[in-house]
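First up is the structure itself, then whatever we jot down about it.
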Amino acid sequence: MDTKQYTPADYKSDQPVRWCPGCGDHAILNVLHKAMAEIGVAPHMTAVISGIGCSSRLPYYMNTYGFHTIHGRAAAIATGFKVANPDMTVWQISGDGDGLAIGGNHFIHAVRRNVDINLLLLNNKIYGLTKGQYSPTSDRGFVSKSSPYGTTEDPFIPAELVFGARGTFFARSIDMELATSQEVMVAAGRHRGTSVVELLQNCVIFNNGIHNHITDREYRADRTIHLRHGEKMLFGKEMNRGLVRDGFYLKAVELGKDGYTIDDVLVHDAHTQSNFLHQQLAMMDGQELPLAIGVIRDVDSPVYNEEIDAQIADVRAKKGFDTLRSMILAGEHWTVE
């Protein structure tokens, strides 16, 4: 067993970081180094796989195995890598364009299969590397180089895709929330199965301030809620607001008003198999209800690569396959002379 205590420096490469000054990717990279050190998996037992986009440059800045792949195919390659190398820890880095547009099909099927990979989805609601086109998460009416009169379509909400694909882990953080980002990355790394972490990230060049309505220091406490398993769902600058049930829906209330007390406030259960409340929490948008950050869902379920290994072992035992030749000759076959 590896008992070495790793530090963030053990996961840093010697390559200069080539992102725009002020880009949220810098904070995410810094936190990922810290999270990996806290998890404690050796760098040589770690692989970081990405697609195409600004965020997908991240493997160059890791002192681990890395693979900068092709547009939208990071999840497919991460899946194959994990199945072929089950002892390795695999992190996938994708942007909202790479992961949800050309890579959308691979994204939902990786989640559906519950492959044991950790998927970080960096969401700045824009295509940055290709210079400012709208992305699958851009809001309706968004004006960009490819939508000069505003988009006429509704965006994907990443959490909704995860739950639609029966995901077992979903968490969210904001690039400037360093402690929360580390908390959810560590939880993702310790989860068995596909973990999806949405990181709301700022693009200072093409979409600067897109998340300001929730991230601005003046009202962040009132427009976000940090969920922790087993704790009351409280938020606000004075932590005097909470989430309660209102029929089938959630409602934000102020303690001491309209008869509401701390006893009425819901307790977060990230481990319940039912995703009904998890999805409601993940869909809050920071307007009528606060945006949820932290680990929203974290449940156990069969893991794809482990099930594949078990199936192979079972078939080998039943069929007596001990070599490739014995497997080939076990079925109908003939000899060409």
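The values are calculated or read from the model by the stated rules, or taken from the named source; none is laboratory data. Remember, predicted model here, so these are calculated numbers, not experimental data. Reconstructed Cβ throughout: ideal geometry from the backbone, glycine too, with neighbour counts over all protein chains shown. Ligands, DNA and RNA are stripped out before the accessible areas are found, and what is left, the full protein with its side chains, is counted by its heavy atoms. Shrake-Rupley method; radii C 1.70, N 1.55, O 1.52, S 1.80 Å.
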By accessible area of protein heavy atoms, probe 1.4 Å, what ranking do Asp175, Asp14, Asp314 get, highest first?
Asp14, Asp314, Asp175
State which entries of Lys4/Lys319; Lys125/Lys251; Lys131/Lys251; Lys12/Lys237 exceed 31 angstrom in Cα-Cα distance in the structure shown.
Lys4/Lys319; Lys131/Lys251; Lys12/Lys237
Per region 22-129, sqrt(5λ) over the Cα gyration tensor eigenvalues, sorted largest first, in Å, gives 20, 18, 11
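Tell me, in nm to one decimal, what length is gained between His229 and Asn212 on full extension, where the rule is 0.36 nm per residue of separation less the Cα-Cα distance? Could the numbers behind the result be given before it?
Values: separation 17, 0.36 × 17 = 6.12 nm, distance 2.68 nm.
Between His229 and Asn212, full extension yields 3.4 nm more.
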Using the Cα atoms of the chain, I'd like the radius of gyration and the largest Cα-Cα distance, Dmax, both in angstrom.
22.0, 89
Which lysines does Lys82 reach when only Cα atoms under 17 Å apart count, and residues fewer than 8 places away in its own chain are ignored?
none
Between helix 304-319 and the chain: long-axis angle, C-alpha atoms, 0 to 90°, nearest 10:
20
Helix 25-39: angle to the longest alpha-carbon principal axis of the chain, degrees 0 to 90, nearest 10?
60
Considering only protein heavy atoms and a 1.4 Å probe, what is the carbon-and-sulfur percentage of the accessible area of region 1-149?
56
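Order of 143-156, 121-134 by packing, highest average Cβ count within 10 Å first? Walk me through the intermediate numbers first.
Values: 143-156: 13.2, 121-134: 22.2.
The packing order, highest mean first, is 121-134, 143-156.
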Let me see the P(r) profile for region 1-47: every Cα-Cα distance counted, bins of 5 Å, each bin given as a percent of all pairs.
5, 20, 28, 22, 13, 8, 3, 1, 0
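If N is the number of residues in region 59-105, what value comes out of its Cα radius of gyration divided by 2.2 N^0.38 Å?
Numbers: Rg = 10.9 Å, N = 47, 2.2 N^0.38 = 9.5 Å.
Scaled against compact globular proteins, the figure is 1.15.
Evaluate the Kirkwood expression for the hydrodynamic radius of region 154-282, namely the inverse of the mean inverse distance over all pairs of different C-alpha atoms, and round to one decimal in Å. Before the final figure, lay out each step's value.
Numbers: mean 1/r = 0.0618 Å⁻¹.
About 16.2 Å for region 154-282.
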